[in-house]
Amino acid sequence: MLARRPTLLVVIGFGWCGRGLAARARGMGARVVVCEVDPRRALEAVMEGYQVLPVAEAARVGEVSVTVTGNRTQALAVERLATAADPSRRACTRSRPRRGPPDRLMLTNRSPDGRGQVGFPAMTPLAAASLAGLLGLAAGSVANVVIDLVPRREPLARPGSRCPSCGARVAWRDHVPVVGWLLRRGRCRACRAPISPRYPLVELAMGLLWFLLTLRLVAAGLGWAVPAYLALAFVCLVLAVIDASTRLLPNRITYPAFPVLLGLLLVASLGLGDLGRLARGLLAAAAVGAFFLLLALISPRGMGLGDVKLAPTLGLALGWLSWGTVAVGVFAGFLLGGLAGVAAILVLGLTRKSLLPFGPWLVAGALLGVLAGGDVAAWYARALIGS
């Protein structure tokens, strides 16, 4: 626990390093003030909910001052201003290391002996992402079971996996993700019937998604939200494969997905001390759901009810991050779907009236929004200001 509140983190320069440290500190309950002379980056800080002040004013706010910067001259200026404003207060000045962001950030009070410090876990984003990727391979095996059983309306508690051709049970050693399929050379041990490569591909895709999402969130200081977005990736991948093969988005998955994600994001918001994120996510869920419902009413053939039922879940996940992420994620879904439709017409000879599943592109756009939506929205805002 910090000895005094409010804690103040003065971040000079809202680049990649400063942005990540600011997010981590805000998640710890600290007050974050950004000092940025570049108007475009200052706008980005405001869009992400940070207070932007001149250096002279920021040095006189709060009881504790920790300055993280890539500019040593500006950092020393803040330290001098803080000491002049209150000689009894110390400003802890740190410079950004040359290679990447620091793995550990300490928020200190006035005590020079180290008491009253709160440190972040020493695990680096890459280590956390690697662990999540390995777990994602195992989650991919579970996803394959769900993909097989849900469309057939079979209970998920059915014991053991079976060969889709002869029904023989799969041995325990063949359950190892990816490796089990390779050891069998893609065939059933009992009947030698070929087993679809979809199984290892789903496992690899889940592992890659879990790796990328964890790396992105932990690096941004949103480690509390990792379980929620890993669950989102699981749901998205399962629904994408089912919709691509059956053109259905089963209610058994779309209905419980929203309350599960809502509960996980509530825990993340409480852990980060930022319930405003959850409120924004709920507003985005309502807005995106209403938008897709309107499209379904206008064009029932172009938008299925399964997409409408899934939309609030995706809106909640995107909105929890930012409004820019919502815009990018929804737009990316329609863009990918449109490109896939054009490709189907040109390559497969389909007509404009042919029905194509939209679910895979919808979830792909949402995941792209989670991974890069904030950066794309910030780039677009900079481009508008620059123009």
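Brief remarks on what is shown
- Any hit, the range 296-304, residues being under 20 Å from the mean Cα position of the chain (by Cα), surrounded by fewer than 24 Cβ atoms within 10 Å (Cβ to Cβ) and under 20 Å from P360 (Cβ atoms): no
- Scanning the range 340-356 for residues that are of a type in the set (G, A, S) and either surrounded by 10 or more Cβ atoms within 10 Å (Cβ to Cβ) or in a helix (DSSP H, G or I) (or both) yields A340, G341, A343, A344, S354.
- Annotation: V326 fulfils all but one of (1) crowded, with 24+ Cβ neighbours inside 10 Å; (2) more than 21 Å from the chain's Cα centre (by Cα); (3) of a type in the set (A, V, I, L, M, F, W, C); the unmet one is (2).
- Test: residue in the range 336-353 that is under 19 Å from V238 (Cα atoms), of a type outside the set (S, T, Y), in contact with a Phe, Trp or Tyr (Cβ under 8 Å, 6 or more places away or on another chain) and in the same structural domain as V267 (by TED's automatic domain parsing): yes
- Pair list, Cβ under 7 Å, 6 or more apart: the range 185-200 residue touching a residue at least 24 places away in the same chain (Cβ under 8 Å), other residue aliphatic (A, V, I, L, M): C188/A168; C188/I195; A190/A168; C191/A168
- Residue count for the range 143-154, restricted to those that are free of Cβ contacts under 8 Å to residues at least 24 places away in the same chain and in a helix (DSSP H, G or I): 3
- Scanning the range 246-277 for residues that are touching a Phe, Trp or Tyr at 6+ places or on another chain (Cβ under 9 Å), aliphatic (A, V, I, L, M) and surrounded by fewer than 20 Cβ atoms within 10 Å (Cβ to Cβ) gives V267, L270.
- Filter result for the condition that a residue is buried (at least 21 other Cβ atoms within 10 Å of the Cβ), outside the structural domain of L368 (by TED's automatic domain parsing) and either part of a helix (DSSP H, G or I) or acidic (D, E) (or both), over L209, L239, L232: L209
- Residue in the range 259-270 that is out of contact with any strand residue (DSSP E or B) (no Cβ under 7 Å at 6 or more places or on another chain) and farther than 25 Å from G136 by Cα present: yes
- Residue in the range 304-313 that is assigned by TED's automatic domain parsing to the domain that holds D243 and not in a helix (DSSP H, G or I) present: yes
The values are calculated or read from the model by the stated rules, or taken from the named source; none is laboratory data. Worth saying up front: this structure is predicted, and the values here are computed from it rather than measured. FYI the Cβ positions are ideal-geometry reconstructions off the backbone, even for glycines, and counts take in every protein chain you see.
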